[in-house]
Amino acid sequence: MIQFKNIDELKEFISKEVLLTHEATKYLGVSSQRLHQLVQSGKLTPIKITRASSLFLKSELYERKFEIEKSYGHARSALNANIGGVNTVETINDAINYFTLLALFKGKYKKCDPIYNHLVTQIDMTRPINEISKDMSLITGFNEKEILHESYQVQKGFEKLKDDDYIVKIGTELYPQLLAKTEQAPVFLFMRGNLNLLKFNTISIVGTRNPSEQGKIRAQILAERLGLNRIVVASGLARGIDTAAHRGALNRKNPTIAVIGTPLTMVYPKENEMLQRSIEENGLVISQFAPSMSVQRWNFPMRNAVMSGISLATVIIEAGETSGSLIQADYALKQGRIVFIPQSAIDNDDLKWPKKYIQRKGAYKFSTIDELLSILATHHKEIFTVVNESKEEPAHLSEGKIGYVHKEQ
């Protein structure tokens, strides 16, 4: 039972967590007729019904919304058709012009972004490059022919995108809200799949590319259990722990988000090609890299910042002293997110990093999945309800023990 300290706290709860009928239909993305059907079938229960409207708890609608999205499957186009307003000619021009500038700066974002932000105050960057190249040259100092040459290469890359891929700019409605609040938020994101998944609570599961068999099992079990709690699992599509986490979600027919260090038009590692295709069809793939860009080793730490940025928390299953997972842990803590570290990692005398990280604000140790969920619920009680027991939950998930035996190879 929820308890309130005073009347103002109660009023705030009602304002944020109790929705009228028209608000409920918008939140679920369904018609009023469909909402009525859900109520009549017992799948939704209003907390109050009046002639004018009904009242619904947002948390109960969230549960139903997650179930709707789980069955998303191959209906990507139908669902995303309701989104609208993206990939206009103006959006594409803007993105091409931005990545042209980035190419001129040899991929150096710190040099590119301030100049781009200045350009948008001087030039309409949503116009075709041939209409603004002269002005870009005057402002940036780059030769106009060089600008046009780089733009041609970028456009050739963009032609490799699929018709239902999405280009989303920061500041627009479809850009992940949590990510937008971070310093590491890219100007543009490329997405393939179900954009509606960004509306749900997300947790990242990361770890070594060379895990123990137990580590892979634990990542898979955690992903399955998070799905039962209506949480979308994010990971980086790398071999090892990432792969196990994605498969754990998909095995339970739960959606998962892959944040990749390559353009959408590429696959890495090659062995995960079928897994990436499966996530494109049953989840969401996100990249901050234009299809015209080459893959660099620093792409992968950069994508860790984005993965952390869309997530409420990051769980490190197994990691050695030099693991890229620790880069994500650093980003997560800087972004004010939670980092979960297994107790057994802290107890492992062969590892130094767990004892260092657990001292930092925002880092928590855990021994079982229930303990992890309890900590998460404490920090996000207004949006998260723990499902500790479920009739559909298999026995191996209810145990939820997380151990740590791996040394980075």
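Once the range 245-268 is narrowed to residues that are free of Cβ contacts under 8 Å to residues at least 60 places away in the same chain and of a type in the set (D, E, K, R), the residue that is farthest from residue 327 (Cα to Cα) is 252. The residue of the range 194-213 that is surrounded by the fewest Cβ atoms within 10 Å (Cβ to Cβ), among those that are in a strand (DSSP E or B) and hydrophobic (A, V, I, L, M, F, W, C), is 203. What is the residue count in the range 161-178 for residues that are within 11 Å of residue 95 (Cβ to Cβ) and either part of a loop (DSSP other than H, G, I, E, B) or small (Gly, Ala, Ser) (or both)? The total comes to 1. Check whether at least one residue in the range 186-193 is within 27 Å of residue 99 (Cβ to Cβ), in contact with a Gly (Cβ under 9 Å, 6 or more places away or on another chain) and among the charged types (D, E, K, R), and report yes or no. So far as the range 186-193 goes, no, none of its residues is within 27 Å of residue 99 (Cβ to Cβ), in contact with a Gly (Cβ under 9 Å, 6 or more places away or on another chain) and among the charged types (D, E, K, R). For the range 276-311, residues that are surrounded by fewer than 20 Cβ atoms within 10 Å (Cβ to Cβ) and touching a His at 6+ places or on another chain (Cβ under 8 Å) total 1.
Within the range 245-267, restricting attention to residues that are of a type in the set (Gly, Ala, Ser) and within 16 Å of residue 282 (Cα to Cα), the residue that is surrounded by the most Cβ atoms within 10 Å (Cβ to Cβ) is 245. Counting only residues that are surrounded by fewer than 14 Cβ atoms within 10 Å (Cβ to Cβ) and in contact with an Asp or Glu (Cβ under 7 Å, 6 or more places away or on another chain), the range 345-381 holds 1 of them. Taking helices (runs of 4 or more DSSP H) as the structural unit, no element lying wholly within the range 236-310 holds at least 3 residues that are touching a helix residue (DSSP H, G or I) at 6+ places or on another chain (Cβ under 8 Å) and among the β-branched types (Val, Ile, Thr).
Any chance you could count how many residues in the range 110-160 are of a type in the set (S, T, N, Q), surrounded by fewer than 16 Cβ atoms within 10 Å (Cβ to Cβ) and touching a residue at least 24 places away in the same chain (Cβ under 8 Å)? Of the residues in that region, 1 qualify.
Listed here are the residues, each with its yes/no results for (1) under 30 Å from residue 157 (Cβ atoms); (2) aliphatic (A, V, I, L, M); (3) in contact (Cβ under 8 Å) with a residue 60 or more places away in the chain.
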| position | (1), (2), (3) |
| --- | --- |
| 211 | no, no, yes |
| 216 | no, no, no |
| 225 | no, no, yes |
| 230 | no, no, yes |
| 235 | yes, no, yes |
| 243 | yes, no, no |
| 270 | yes, no, no |
| 278 | yes, no, no |
| 283 | yes, no, yes |
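If you go through the range 77-105 and pick out every residue that is assigned to a loop (DSSP other than H, G, I, E, B) and modelled with pLDDT of 95 or more, you end up with 1. Here residue 163 clears all of (1) free of Cβ contacts under 8 Å to residues at least 40 places away in the same chain; (2) within 25 Å of residue 267 (Cβ to Cβ); (3) touching a helix residue (DSSP H, G or I) at 6+ places or on another chain (Cβ under 6 Å) except the condition numbered (3). Of the residues making up the range 21-62, those that are surrounded by 15 or more Cβ atoms within 10 Å (Cβ to Cβ) and in contact (Cβ under 8 Å) with a residue 40 or more places away in the chain are 28, 29, 57, 58, 61, 62.
The values are calculated or read from the model by the stated rules, or taken from the named source; none is laboratory data. On a predicted model such as this, the values are computed, not experimentally measured, just so you know. Glycine gets a Cβ as well: all are built from the backbone with ideal geometry, and neighbour counts include every protein chain shown.
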